Amino acid sequence: VTYTPPDPSTYSIPSARRRATIAVLYLIPGILLFVVLPYVGLTQLAKYGLSSGYSLGFLVIAGLSLAVLGSLRYYARPGRAYGPLSIAVSAGAVLYLLYLARSSTISFGIGDSGTFSLSYGGMLLLFAIVPGIRIGSGVLTTIEDLTRPGERLPFDFPPR
Amino acid sequence: VPKPPLYRASRYVSIAATVVSLILLLYVGATIYSASQIRPGESKGSNIGDRLTSAGLELTASINFSNPGFLPINDVHLASVVYAPGHGSLITVGASPHIRVEPGTTGVIPLTMLIPFGPGSPVIPLLTHDAELPTSVWANVSFGSVFSVTVQIPTNISWGAPFSHLNVSLSTTPDANGTLVPAAQLSFVNNASFALDGTLALTLHGSGGCTATLPDFVLNVPSKSGYSQSVTFSPPSSCATATWSTLDGSFTSPTWSSPLPTENLP
């Protein structure tokens, strides 16, 4: 069976400029989630003398990378790079959460010389399941784009 | 136009991931809320007791762990370490079983520690000295697979020595014939939580390698009571003029036996 790509009249891909603008807007929630939230959390903890063992520099770089990858993914949605970028974003999020889970204990003193330690690695590992599942979605999209390029475009970008 | 199968599958997987993330958010939120309701140590208080066994002194602390939340606490576990004064040698360690506390119930977590008696026991030097023993207690609590809390509390265990302030005063006393013979007056206070019911054998060590064995003391000393008894003894004739400087001995009872630490004589 030979595959015939859909007629371009059956879909309407937004212009590169429009996608770029929206991709930049996509950066905002990404940076809030992956950079600002961990940064503010850690600096607030540091104010109370609580150290988490995370490298702030790593968190900023890894968070920015994830946010930028997420934006690129949106920009590349009409093309074949969308699937691999989806896999990259999800795999990056899994690795990011695994890194956070590795040293996920907060300790502080109580009383004269007691200590209280809270370990939340289990919670982060649980949340790593979500991007783990999304990798599957990226793999399916990659296979779809390799075997039947453009077939999904009428559904992702229906004509206006 | 029907959607392509791979495209549809990809969408379903993506939707499944979103549903899982919502379920996880609800689960984590519920776990945190449920955990915030926990009140360790409440509900009729907690009990600390001790019991004399053939293996040593068994200390038990029962800590009540009230879980008014709506999720079970998967694992509550206590552990403890007791050191000699000044964080010296390790006296004993203790642990509780891993207990699951169902929602709306109170779990009793028993922490057991055994302070061994007998030869080689690290507690022998403390048989004649009261002490505050530095102790660390850890409470480990796991909530679902979400997070765990470890609380470490340093404290002290007050150790009451069974032969506290052990002392032997040497003197001479006239016998039936009016001859002066050596005499020893033994005194101590039983500050332990248990009675002493057995036999105490003491040996004096002196100059020139001299030793003299005192007659056995048969003890029946209740807890928190003093004891004083005088005996006469007969050192070897070659040690008639020896200077007695140290004392050691052993206690034997049906329940427990132990050597005593070497004590200097006044």
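The values are calculated or read from the model by the stated rules, or taken from the named source; none is laboratory data. Note that the structure is predicted; figures quoted are calculated from it, not measured. All Cβ positions, even for glycine, are placed from backbone atoms using ideal geometry, and neighbour counts span all protein chains on display.
Against the test of being at pLDDT below 90 and within 14 Å of chain A (Cβ to nearest Cβ), the options B:55, B:35, B:17, B:61 yield a single qualifying residue, B:35.
Every residue in segment B:62-71 that is aliphatic (A, V, I, L, M) and either part of a loop (DSSP other than H, G, I, E, B) or more than 16 Å from the chain's Cα centre (by Cα) (or both), please. Residue satisfying the conditions is B:71 alone.
Does residue A:73 satisfy the criteria of being within 11 Å of the chain's Cα centre (by Cα) and within 18 Å of residue A:152 (Cα to Cα)? Outline the logic, then answer.
Values: within 11 Å of the chain's Cα centre (by Cα): yes; within 18 Å of residue A:152 (Cα to Cα): yes.
Yes.
Of the residues making up segment B:73-90, those that are touching a Ser or Thr at 6+ places or on another chain (Cβ under 9 Å) and not polar (S, T, N, Q) number 9. Going by what's in this entry, would residue B:243 be described as over 23 Å from residue B:119 (Cβ atoms) and touching a helix residue (DSSP H, G or I) at 6+ places or on another chain (Cβ under 6 Å)? Considered against the rule, which asks whether it is over 23 Å from residue B:119 (Cβ atoms) and touching a helix residue (DSSP H, G or I) at 6+ places or on another chain (Cβ under 6 Å), residue B:243 comes out as yes. From the list B:73, B:48, B:99, the one residue that fits, being in contact with a strand residue (DSSP E or B) (Cβ under 8 Å, 6 or more places away or on another chain), β-branched (Val, Ile, Thr), exposed (fewer than 15 other Cβ atoms within 10 Å of the Cβ) and more than 21 Å from residue B:260 (Cβ to Cβ), is B:48.
Of the residues making up segment B:82-96, those that are buried (at least 17 other Cβ atoms within 10 Å of the Cβ) and within 13 Å of residue B:114 (Cβ to Cβ) are B:82, B:91, B:92, B:94.
Residues checked against (1) more than 30 Å from residue A:108 (Cα to Cα); (2) assigned to a helix (DSSP H, G or I); (3) modelled with pLDDT of 85 or more:
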position	(1), (2), (3)
A:33	no, yes, yes
A:36	no, yes, yes
A:40	no, yes, yes
A:44	no, yes, no
A:54	no, no, no
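Note on segment A:52-70: residues that are in contact (Cβ under 8 Å) with a residue 24 or more places away in the chain and either surrounded by fewer than 18 Cβ atoms within 10 Å (Cβ to Cβ) or over 14 Å from the mean Cα position of the chain (by Cα) (or both) total 8. Of the strands (runs of 3 or more DSSP E) lying entirely inside segment B:72-177, the ones with 1 or more residues being free of Cβ contacts under 8 Å to residues at least 24 places away in the same chain and either under 27 Å from residue A:122 (Cα atoms) or in contact with an Asp or Glu (Cβ under 9 Å, 6 or more places away or on another chain) (or both) are found at B:90-95, B:147-159. Here the condition is being within 25 Å of residue B:141 (Cβ to Cβ), in contact with a helix residue (DSSP H, G or I) (Cβ under 9 Å, 6 or more places away or on another chain) and either of a type outside the set (A, V, I, L, M) or within 12 Å of chain A (Cβ to nearest Cβ) (or both); of B:6, B:24, it holds for B:24 alone. Of all residues in segment A:110-151, those being of a type in the set (A, V, I, L, M), closer than 30 Å to residue B:135 by Cα and touching a residue at least 12 places away in the same chain (Cβ under 8 Å) number 1.
One line per residue, one yes/no per condition, for (1) at pLDDT 90 or above; (2) within 14 Å of chain A (Cβ to nearest Cβ); (3) out of contact with any Pro (no Cβ under 9 Å at 6 or more places or on another chain):
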position	(1), (2), (3)
B:100	yes, no, no
B:107	no, no, yes
B:127	yes, no, no
B:149	no, yes, yes
B:154	no, yes, no
B:165	yes, no, yes
B:168	yes, no, no
B:176	no, no, yes
